[in-house]
Every structure is written in C-alpha cells, then in structure tokens.
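Below you'll find the structure, written out as structure tokens, and then a few comments.
The values are calculated or read from the model by the stated rules, or taken from the named source; none is laboratory data. In this text the structure is predicted, and so the values were computed from the model without any measurement. Neighbour counts run over all protein chains shown; Cβ positions are idealised from the backbone, glycine included. Just the protein is used for accessible areas: all its heavy atoms, side chains included, with ligands, DNA and RNA removed. Shrake-Rupley method; radii C 1.70, N 1.55, O 1.52, S 1.80 Å.
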Amino acid sequence: MDKNFQEEQFTGIIKFTPPLYKQRYQFIKDLVGKYKPKKVADLGCADCTLLQMLKFCSSIEVLAGLDICTSVMKENMHRLSPLPGDYLQPAERPLTVTLHQGSVAHKDPCMLGFDLVTCIELIEHLEQSELMKFPEVVFGFMAPRIVVISTPNFEFNALLPNKALFRHPDHKFEWNQAQFQSWALETARRYDYSVEFTGVGHPPTGMENVGFCTQIGVFVRKYSQTCESAQSEKPTEAVYKMVFRAVYPSLKDEKYLKNAVVSEVIFTAQNIKRSLLDRLMAEHEEYNNDPVERKFQFQPSMNRFSEDLGKLVVEKSMEPFVHGNVVYIPLTTIFSFPKVNRLCGTFEKLCKLIAGKVTLSSDGSAVMFNTELENEEN
Ligand code: SAM
C-alpha cells in the first residue's frame, strides 16, 4: 500500500485522502510493480479507469477488460487507444488492449493465459446465481497466477455518512469481514490458491476492529501451470463480444524497429560528422594562425584525412574520416553507441535494418555524407 496515504483522526465524518477508489487502483498498481505480470485482465472494468492506469505499467503486454455493460465501457474507451507520441517513439514492449462484453458467470477462451486478474468492487454486483458460478470461471477456468478481489466491508458502513443499508443501490449484498474471509478461504481451498487479506481505507484510531473500508483478498495460485497446457485442456466456445482492440506500436514490430534504427543511425552519424568537421576546422584555424603549429602539428593530422585514409573504410576502422567532399562514418563506430547497440543487438541486424534506407560507402561499411551537396541544400 502507498505509504503516502494519510490516516486521519476520526472526527465523525470519514474522508479518505486520496479518495478510496484511487487507493484501490494504487493498490493494484503496486501489486503490478511487485509481481510484474505480462497479461492482466480487469473483470467488471466499468469505464476502464483502472485499465487506463495499467497501460503505463511497463511489464504489461496484454491488457483486457470485461464488463457486462457495453455502454459503460464505451464512455472512455478511446483513452485506451495509442496516442501520436506512441507512434513517434514506439515502446520496446508490445501492448495489446482489448475490451469484451460478457459476464463473469460465463467462460470464454479469450480470458485464458492471464497472470493477474482483478475484480475491483465487482462481486457485490453479482446475482446469487452469478456469484455461485464466479469462482469456477475465475479460479477454475481462467486460473491466473494471481486474483485480486475487493468488496465493501459492511462493518465500516456505520462510519460512513450515507445511512442506506448498502453503499450502492445495485449492490446485491455487502459482506462483513468474517463473511468475505470465509467465502474467500473456501474458494482458495477448493481451487488450490492461498489467500491473504488486506484492504484500503483505514478505520479511525481506536476502531481498528472495524477493518478496512474496502476489504481485499489477494489470491495466489499454489500450483504451476504453463500457458499452453492451460489453453489446450480447456476447449470452450467464445461467448464474449469484443468491443475494442488496440495494438500499440512497438519496437518488437520490425516495421517500427526499422524506422527507429534508421533515425538513430542518421542522428548518431550526423553528430559524429559535426564534431569531426568542427575539429578539422579548429585544426585548420590553428594551422593558419600559428606558423610553428603549421609546420609540426597540422601535417600528421591532415594525414589522417588524406587520400591514404580511404583504405580505412576497407579495413573497417572505427575512425570517421573525410575524403574529398565526403564524410565517412564507419558503421562499427555507430554500432558502438549504446542506443544503436541496444536497438539492434547485433552488427548484422544493424546492417539488415538500414539496408536501402541510409547512403553507405560502396563496400557498405560506412555511412556517407556529401558535404558539398549538404552545403548546396543549406
Ligand atoms: N471495477 C470498477 C472500478 O473499480 O472502478 C467498477 C466496478 S462497478 C462498481 C461494477 C461493474 O461490474 C459495473 O461496471 C457492472 O456493469 C459490472 N458487472 C456487473 N455484473 C457483471 C457481470 N456478471 N459480469 C461482468 N461485469 C459485471
């Protein structure tokens, strides 16, 4: 739980800072930070607020939302789409976000293979018949590594300003701590999970036995299961309706990787060229200003950029050099820059990705810039 959340003295009016729903989302974010799941499903995702937060968690590659109500999901689902910046600077990890219309009382193969399943303030909205089927669907069929279930703690209601029996008119029930824990323990036992109880929304000082305002059970699967076996052993007909799908641009996609590598290679080569030309210019000025330097220092330096040095390309030297009006930046030099190196992994991959997109020397070992052409363009 976020240590920054404040506990307040009980004044007769409970006010949570940050609001309780944000504390619930933060709880999930912290859990994602701890377990680093790749595939996360949010059941009863409503207006997708939690999903919008989770799409920024770098471990997550697949994010799915499920709700029985299409219209509530559609309210803000556009926020789950990639932004222009995502295309300009594609992330390293792939990310696919989907939304499905359906009930947690029904099994659908699209919900298989998840690492983490969240059910935030969902179960109290289920009819008795749905609640009966819910454990088999989530723990038996989906069987993710971790399930988080949050639900109101009925004992806390007496401390809330709203004096209605339940906190929301659509709640079919609200459990006290003993009721939730006995349901959770029995579910965990039946499906071979362990469960730990916690919550958000601390009770006032001196009233700790009331428990958290939102009670939370974190279930962890005790047995290991491979993705393949989980999917192949569970043939089921698709019953959910997909209402949204977004595939984010990622460097795992060769198309985006190619663009990123070409831009980075040109950017790096331009920087090397600029510092080389600046250095040459400085040496040239030094030579003109100082007759002694002219005699002893400029000659060797000139040698490095004389015609003889054309051979360096053939010898795959790391040194950039100028030959006539052309600046040569060896690919080996460019590959040694961390960002290029990380993007490509191998020198062969670098050569493959920039082929046909960057002007290279005849033997393909160096990026070429014609300074004369560039001057004309400027
Ligand atoms: N999880 C969201 C959050 O924390 O912000 C909101 C939960 S909202 C209180 C409960 C949601 O559960 C509603 O959006 C409702 O449509 C959905 N729901 C109710 N019964 C459902 C069912 N059988 N299957 C899937 N979703 C259901």
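Structure values in brief
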{"item": "Subset of region 22-73 (residues that are in contact (Cβ under 8 Å) with a residue 12 or more places away in the chain, surrounded by fewer than 17 Cβ atoms within 10 Å (Cβ to Cβ) and aromatic (Phe, Trp, Tyr))", "result": "TYR35"}
{"item": "Every pair of residues 6+ apart whose Cβ atoms lie under 8 Å, when the first sits in region 93-107 and is within 13 Å of ALA238 (Cα to Cα) and in contact (Cβ under 8 Å) with a residue 12 or more places away in the chain while the second is away from the ligand (no atom under 16 Å from the Cβ) and part of a loop (DSSP other than H, G, I, E, B)", "result": "LYS107/LYS234; LYS107/THR236"}
{"item": "Pairs where the first residue, in region 205-219, is at negative phi and the second is open to solvent by less than 10 Å² (accessible area, probe 1.4 Å) and assigned to a loop (DSSP other than H, G, I, E, B), C-beta under 6 Å, 6+ apart", "result": "PHE212/GLY201; CYS213/GLY201; THR214/GLY201"}
{"item": "Hey, PHE197 away from the ligand (no atom under 16 Å from the Cβ), open to solvent by 60 Å² or more (accessible area, probe 1.4 Å) and of a type in the set (A, V, I, L, M, F, W, C) or not", "result": "yes"}
{"item": "Total residues in region 249-265, condition more than 21 Å from the chain's Cα centre (by Cα) and without any contact (Cβ under 8 Å) to a residue 40 or more places away in the chain", "result": "1"}
{"item": "Number of positions in region 145-193 that are within 16 Å of the ligand (Cβ to nearest atom) and either under 18 Å from ALA41 (Cα atoms) or of a type in the set (Ser, Thr, Tyr) (or both)", "result": "5"}
{"item": "Meets criteria (within 14 Å of the ligand (Cβ to nearest atom) and either acidic (Asp, Glu) or loosely packed, with under 15 Cβ neighbours inside 10 Å (or both)) for ASP86", "result": "no"}
{"item": "GLU127 being more than 33 Å from the chain's Cα centre (by Cα), open to solvent by less than 20 Å² (accessible area, probe 1.4 Å), modelled with pLDDT of 95 or more and in the same structural domain as PRO203 (by TED's automatic domain parsing)", "result": "no"}
{"item": "In region 95-115, residue nearest to the chain's Cα centre (by Cα) [restricted to those that are closer than 28 Å to HIS168 by Cβ and away from the ligand (no atom under 14 Å from the Cβ)]", "result": "VAL97"}
{"item": "Which numbered condition GLU92 misses (of (1) within 12 Å of the ligand (Cβ to nearest atom); (2) open to solvent by 40 Å² or more (accessible area, probe 1.4 Å))", "result": "(1)"}
